[in-house]
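Participant: So that we are looking at the same thing, I have put the structure below in structure tokens.
None of the figures in this text is laboratory data; all of them are computed from the coordinates on show. What you are looking at is a predicted structure, and each value in this text was computed from that prediction instead of being measured. A quick note on method: Cβ atoms are made from the backbone with ideal geometry, for glycine too, and the neighbour counts reach across all protein chains shown.
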Amino acid sequence: MATGGGRTMTVVLGGGRGTRLYPLTAQRAKPAVPLGGKYRLIDIPISNAINSGLREIFVLTQFNSASLNAHIARTYRFDMFSNGFVEVLAAEQTDGDAAWFQGTADAVRQHLHRFARPGVENVVILSGDHLYRMAYDELIAHHDEVGADITVATYPVHRHECDGFGVLASDAEGFITAFREKPGADEDLSAFRLPKKVKEFVGTDKDYTASMGVYVFRVDALKEYLADASLVDFGRDILPKALDRHKVSSYVFDGYWEDIGTIRSFYEANLLLCEEDSPFRFYVPEAPIFTRPRFLPPSVMRQGHIERSLVAEGSLVLGARVVRSIIGLRSWLQPGCRVEDSIVMGADFYEVHEKREAVEAAGGIPLGIGDGASIQQAIIDKNARIGAGAVIHGNDDRPDEDHGHWAVRDGIVIVAKGATIPPGTVL
């Protein structure tokens, strides 16, 4: 994409360990975690970029990146007559740097020579684990219009939310004057309150703005800060230094945005998709969310009850009761089972008819949710086998637990990918 006479490169950061999303990240990178039954988290920023006219996209990966790399390779293919690409760049040892990524800025530093090409004017830097729909072309246009060296996309928050974010203070023209990373609950933030003019323009009753982890850098400014190897993180290290030396603009985003950083936030963001008034919808024709195309049959639903739920293609819901839940690709729900306030991620392959009979004949448990099983306030990861009559119920009062093939986080029971839960088990 050309802006102000130059090209814009897009960089999606997808290399974190995702420890707060464990055990969903035990076998996959955080941006590869399934979302909404058929998507992955990485599809959100890439789709936003494509819908915004950005076609030169790099995804930086590091931990457990095999499935993420495969998903990107199978999903984002531009035709031979286009200059567009979505290219995966993994952490790599070179003669100049033998270390893995040490932070968000360090990840970009190690591949800077790929982004700062001749003719490139701006670099857009995105996180790979947020749920939102944003027109980045409008962000870039604002960046160019105000003549900023760096622009930070910001999100209005209440005071009690500030301790989880980097909080910014800006003047009446929208230029950032101060930055505080994750301030304490009792810290005085009166100097960070939004100017009345900005609040009225955005139409918000919230008094503060937090960084969304979405940045636009002019290439020269990015090169300047990445030349200092001690600066490894954009929020913690680079932004505070930049305020004294460059024009740093705040672009206030007034749509829905959710940081999918914990099991609780992941769970709630998914179930919110089931609501009639959900603030995020996948079915927006002018700005679709792309994902890997699959040639799956329509879902089969027989003698069941489905209420306020999303059911992905290729699923078989046979006499089951599903209430406010996400049912992922190729899910198999047996008669009499109940799934409520839960996420069933489905399967990577089919196990139907003769295959299921063979598994049962050998004393095994077929793929999916067995007869009469009860799933409530739980996340069932892909390829799990839940035996008949099993009871898997989360509870807000349950403490965190770890049991190898299942765990409890934030009161939510998580059954690991590929796990088997014997018939009649109560978790």
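Participant: Quick one: compute the contact order of segment 2-272, relative version, from alpha carbon pairs under 8 angstrom and 6+ residues apart, as a percent. Intermediate results must be reported in sequence, preceding the final value.
Facilitator: On the way: 507 pairs, mean separation 63.6, N = 271.
So the answer I get is 23 percent.
Participant: List every residue whose amide H lies under 5 Å from the amide H of T420, counting only residues 5 or more places away in sequence or on a different chain, with H placed 1.01 Å from N in the peptide plane.
Facilitator: Answer set, sorted by chain and number: R385.
Participant: Would you look at the GNM of the chain, springs on alpha carbons closer than 10 Å, and say which of G36, G128, G336 moves the most?
Facilitator: Result: G336 has the largest fluctuation of those listed.
Participant: Quick check on the exposure proxy: order H71, H393, H143, H158 from fewest to most C-beta atoms within 10 angstrom.
Facilitator: Ascending number of Cβ neighbours within 10 Å: H158, H393, H71, H143.
Participant: Here's another thing I want to ask about it. If you take every residue apart from I263 with its C-beta less than 9 Å away from the C-beta of I263, what net charge results, scoring Lys and Arg +1 and Asp and Glu -1? Let's see the in-between values first.
Facilitator: Working: positive: R20, R264, R409; negative: D410.
Neighbour charge sum, excluding I263 itself: +2.
Participant: Using modelled backbone amide H atoms (1.01 Å from N, in-plane), which distant-in-sequence or interchain residues come within less than 5 Å of V322's amide H?
Facilitator: Under 5 Å from the amide H of V322 lie the amide H atoms of H305, I306, E307, V339, each far enough along the sequence or on another chain.
Participant: Let me ask another. Hey, what did segment 309-427 get for relative contact order, percent, Cα under 8 Å, at least 6 apart?
Facilitator: The value is 20 percent.
Participant: Write down the percent of antiparallel bridges among all DSSP beta bridges whose residues are both part of the chain, to the nearest 5.
Facilitator: 35 percent
Participant: Which one, F295, F78, F58, has the greatest fluctuation when you compute a Gaussian network model over the chain with C-alpha springs under 10 angstrom?
Facilitator: Residue with maximal mean-square fluctuation among F295, F78, F58: F295.
Participant: Now for a separate question. GNM, the chain, Cα, under 10 Å: largest mean-square fluctuation among V317, V33, V359?
Facilitator: It is V359.
Participant: On to the next question. Taking other Cβ within 10 Å of each residue's Cβ, how do R159, R180 sort, fewest first? Let's see the in-between values first.
Facilitator: Working: R159 15, R180 18.
By the 10 Å Cβ count, ascending, the order reads R159, R180.
Participant: Would you mind computing, in nm to one decimal, how far apart the modelled labels at Y350 and R114 are, each placed 7 Å from Cα along Cα→Cβ?
Facilitator: My value for the distance between the label points is 3.7 nm.
Participant: When a/c reaches 1.5 or more, the comparison of a/b and b/c decides; with that in mind, is segment 300-421 rounded, prolate or oblate per its Cα gyration tensor?
Facilitator: Numbers: a/c = 1.81, a/b = 1.25, b/c = 1.45.
Oblate is the answer for segment 300-421, as a/c is 1.5 or above yet b/c matches or exceeds a/b.
Participant: Just the number, please: percent antiparallel of the DSSP beta bridges in segment 300-421, rounded to the nearest 5.
Facilitator: Working: 6 of 37 bridges.
So the antiparallel bridges in segment 300-421 amount to around 15 percent.
Participant: Which pairs in the list K38/K247; K182/K247; K197/K241; K199/K241 are over 32 Å apart, alpha-carbon to alpha-carbon?
Facilitator: Pairs exceeding the cut-off: K38/K247.
Participant: Let me check I've understood the local charge: for G346, count other residues with C-beta under 9 angstrom from its C-beta, Lys and Arg +1, Asp and Glu -1. What total comes out?
Facilitator: On the way: positive: K38, R330, K382; negative: D348.
Around G346, the surrounding residues sum to +2.
Participant: Something else: Taking a ≥ b ≥ c as the square roots of the eigenvalues of the Cα gyration tensor of segment 160-226, is the shape rounded (a/c under 1.5), prolate (a/b larger than b/c) or oblate?
Facilitator: oblate
Participant: For labels at K196 and Y22 in the simple 7 Å Cα→Cβ model, what's the distance in nm?
Facilitator: Going from the K196 label point to the Y22 one covers 5.0 nm.
Participant: Another question about this same structure. Which value in deg cm²/dmol, rounded to the nearest 500, describes the helix-derived mean residue ellipticity at 222 nm for the chain, given -39,500 (n - 2.57) per DSSP H run of n ≥ 4 and division by the residue count?
Facilitator: Counting only the DSSP helices, I get -4500 deg cm²/dmol.
Participant: For a quick check of your reading of the filter: which trypsin sites (Lys or Arg not before Pro) in segment 213-253 sit in a DSSP loop and have no more than 10 other Cβ atoms within 10 Å? Mind dumping the intermediate values first?
Facilitator: Values: sites: R218, K223, R236, K241, R245, K247; in loops: R245, K247.
Of the trypsin sites (Lys or Arg not before Pro), not one in the loops of segment 213-253 has a Cβ with at most 10 other Cβ atoms within 10 Å.
Participant: Please report the net charge: other residues with Cβ closer than 11 Å to the Cβ of V415, K and R +1, D and E -1.
Facilitator: Summing Lys/Arg as +1 and Asp/Glu as -1 gives +2.
Participant: With +1 assigned to the C-beta of every Lys and Arg and -1 to the C-beta of every Asp and Glu, and no other charges, what is the dipole magnitude of the chain about the Cα centre in debye, to the nearest 20?
Facilitator: 1020 debye
Participant: How would you rank I326, I150, going from fewest to most other Cβ atoms within 10 Å of each one's own Cβ?
Facilitator: The most exposed by this proxy come first: I150, I326.
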